[in-house]
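As structure tokens, the structure follows; a few thoughts come after it.
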Amino acid sequence: MPPPQKIRLGDLLIQQGLLTDEQLKLALDQQKATGRKLGRIFVDSGYVTEEGISQALARQLRIPFLDLRSFKPQPELLKLLNEAQARRYRAIVLGEENGMLQVGLADPTDLQVYDDICRLVRREIALAVVTESQLLSVIDRVYRRTEEITGFARELTAELGDTPLEFGDVTGLTAEADDAPVVKLIHTVFDEALRTRASDVHIEPEESKLRIRFRIDGVLHIQTEADIKVAGALALRLKLMSGLDISEKRLPQDGRFNVKVRNASVDIRISTLPTQYGESVVMRLLNQSGGLLRLDAVNMPPKVLDVLRRAIHKPSGIVLVTGPTGSGKTTTLYAALNDLNSTERKIITVEDPVEYRLPGINQVQVLEKIDLSFGRVLRAALRQDPDVILVGEMRDQETAEIGMRAAMTGHLVLSTLHTNDVLSTPIRLLDMGVPRYMVALSLQLVMAQRLVRVVCEHCRTLHEPTPAEHAWLRVALGEPPSLPEVFHGAGCGQCNMTGYQGRTGVYEFLEMTNDIVDAINDGDPNKYIQVARQQMIGNTLRADALRLVLAGRTTLDEAMRITGQTDD
């Protein structure tokens, strides 16, 4: 293929009717003053879009313009340019056809880039035009730092040699040795975890290897595997960073520390667990730079949002959010606190651990080993004249009773409880030993939630349901005459071939109406369940999951996973 031509971008855009002479003159003046690229000035000034510039170049050069949002990477071809080269040249190898490599360039008029890429790949290339923002997004996504992480792990293995790491042998692992292999390895792991939107990092020693996995959108993915010899050095360094006891390897430990990664402040909660082959380390990443979510940004259905807002703006009572670990309960409660936070209210939280720092709110960390328990802190908090109290979890009868009494004496209490659904929540409180009258009088709202994966919008396609999915859909819709269209993700470069990108909440709720209160006071569980079921028609997890399925936002498989195939 002949090399690209040198083109004056401004003249080309005027020629194709995308830019005026006056806009070009203003942009050139700005370029002289700032030194910025002319194309970026056109886009930032709103004169023309990035796609418009790329398509104009494609028409002029008679080469294709490609939308990278549906790009499916081919790992073997990607390796022809490493990440540094791809970023430097703003280029990516897209595919192979008729013995030629198709290479996407953000600037196909750069003759030097064309020559350098031909030299690097040692193949004849065919050019395509791509937008720079899409290109950089793809590079972030497809150039996983697995090889770099593995390389640092090998470097650490070589440094350690064959001698086992002993307590006190922290040479190269102290806070001052920032260029040590273990430090570079940990920093690279955090950098990659943040780039891939991982919520947790798992470092797991096995008999002959160390496995590092990331949890992305609720699913664990293997990031890399390394020599088992590095496990002790990694655990030791992480314990030093979090202020844990490095001499104690027989007992579990919990801690936290903060790191700066990719210009973001990341709060990391760490948990160590002694296993057969060493200490397993799990870290939860909490990005503090994104700001706290507001209730209207949590993507709740309007009906759920209205009910929750009504409940949390009452002067007293208890609002409980239930669900399994990792279902987003804490996010919902923090969003509610953010909605309530004002100079007129005294807000105290009792948490284990404190996950996010909230300005203007008094947050207390529970510490059981010094007898600073939920119950003790909660009793002390009530003497601090609070308006709103958040209790991280109703763990036992003592905590639940104190919370209930606080709600009955004019305080608003927010908390969580580990139950499967809202129906079982009052029954669970009674089983914990809380008096029936307290449950009936103090509860205002019980809400349950789950997180479902969202179908990737770039590869979403129609899906033919399986027999089991057909059956679930018919039950959920009430035996309709015909079934609606449903979707799934085919897998593409945007979603790392998973078909999903991101997660969203699914909710159900139960308001404590007079009928519900009477049913709880009656003492007959069957009567309570019957009344509650009647009130919850249309407000269940299944109904909300079905709403997302019919809107094409999630799959039948996800809906069935979080609601169960036979739940009523």
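The values are calculated or read from the model by the stated rules, or taken from the named source; none is laboratory data. Computed from a prediction, not measured in an experiment: that's the story for all the values here. Please note: Cβ atoms are built from the backbone with ideal geometry, for glycine as well, and neighbour counts cover all protein chains shown. To get the accessible areas, we keep the full protein, side chains included, count just its heavy atoms, and leave off ligands, DNA and RNA. Shrake-Rupley method; radii C 1.70, N 1.55, O 1.52, S 1.80 Å.
Between the residues Ile186, Asn496, Asn263, the greatest Cα displacement towards the positive end of the dipole of the chain, with unit charges on the Cβ of Lys, Arg, Asp and Glu, is found for Asn263. Charging the Cβ of each Asp and Glu at -1 and of each Lys and Arg at +1, and nothing else, the dipole of the range 349-426 about its Cα centre rounds to 220 debye. Overall form of the range 58-143: rounded. Here a/c, set by the Cα gyration tensor axes a ≥ b ≥ c, is under 1.5.
Could you tell me the center-to-center distance, by alpha carbons, between the range 231-287 and the range 515-541 in angstrom? Measuring centre to centre over Cα atoms gives 45 Å.
Ordering of 300-306, 427-433, 278-284 by packing is 278-284, 427-433, 300-306, highest average first (other Cβ atoms within 10 Å, averaged per residue).
The alpha carbon convex hull volume per residue for the range 311-361 rounds to 91 Å³.
Look at the dipole of the chain built from charges on Cβ: of Val43, Asn98, Met438, the Cα furthest out on the positive end belongs to Val43. For the range 461-537, GluC sites (Glu not before Pro) are listed when DSSP marks them as loop and at most 12 other Cβ atoms sit within 10 Å of their Cβ; the list is Glu485. Residue-wise HN-Hα couplings along the range 406-413, as the Karplus relation 6.51 cos²θ - 1.76 cosθ + 1.60 with θ = phi - 60° gives them from phi, are 4, 5, 7, 10, x, 10, 8, 10 Hz; Gly and Pro carry x.
Per residue, the chain reaches -11500 deg cm²/dmol at 222 nm when only DSSP H runs of four or more residues are counted, each adding -39500 (n - 2.57). For the range 239-349, the Cα-based Rg and Dmax, in that order, read 18.4, 54 Å. Mind giving me the FRET efficiency for Arg533 and Glu457? R0 is 25 Å, r the Cβ-Cβ distance, nearest 0.05 is fine. The value I calculate is 0.10. Shape class of the range 1-92 from the Cα gyration tensor (axes a ≥ b ≥ c, square roots of the eigenvalues): prolate, since a/c reaches 1.5 or more and a/b is larger than b/c.
When its C-alpha radius of gyration is set against 2.2 N^0.38 Å (N residues), the range 299-419 gives a value of 0.99. Placing +1 on the Cβ of every Lys and Arg and -1 on the Cβ of every Asp and Glu, with nothing else charged, gives the chain a dipole about its Cα centre of roughly 920 debye. Think of the chain as a dipole: +1 on every Lys or Arg Cβ, -1 on every Asp or Glu Cβ, centred on the Cα centre; then among Pro353, Thr150, Tyr89, Tyr89 lies furthest on the positive end. Sorting Asp518, Asp396 by accessible area puts them as Asp518, Asp396; the probe is 1.4 Å, largest comes first, and only protein heavy atoms count.
Cysteines in the chain that lack a partner Cβ within the 4.7 Å cut-off: Cys118.
The mean of 1/r over all pairs of different alpha-carbon atoms in the range 402-467, once inverted, gives a Kirkwood hydrodynamic radius of 15.1 Å.
Of the peptides 532-541, 32-41, the ranking by mean beta-carbon count within 10 Å, highest at the top, reads 532-541, 32-41.
Relative to the longest principal axis of the Cα atoms of the chain, helix 181-195 runs at roughly 80 degrees.
Only Lys, Arg, Asp and Glu carry charge here, each on its Cβ (+1 for the first two, -1 for the last two); on that basis the range 422-496 has a dipole of about 340 debye about its Cα centre.
Rounded, prolate or oblate: which fits the range 469-553 when a ≥ b ≥ c are the square roots of the eigenvalues of the alpha-carbon gyration tensor, with rounded for a/c under 1.5 and prolate only if a/b beats b/c? Verdict is prolate for the range 469-553. Computed over the chain, the P(r) curve from all C-alpha pair distances, binned at 20 Å from the origin, holds 17, 40, 34, 8, 0 percent per bin. In a DSSP loop and with at most 13 other Cβ atoms within 10 Å, the GluC sites (Glu not before Pro) in the range 93-145 are Glu124. When you filter the trypsin sites (Lys or Arg not before Pro) in the range 351-408 for DSSP loop state and at most 16 other Cβ atoms inside 10 Å of their Cβ, you are left with Arg357, Arg383. With a threshold of 20 Å on the Cα-Cα distance, the over-threshold entries among Lys303/Lys329; Lys260/Lys329; Lys249/Lys369; Lys329/Lys369; Lys239/Lys260 are Lys260/Lys329; Lys329/Lys369. Lysine pair count for the range 1-103 (Cα-Cα distance under 26 Å; residues 8 or more apart in sequence or on different chains): 4.
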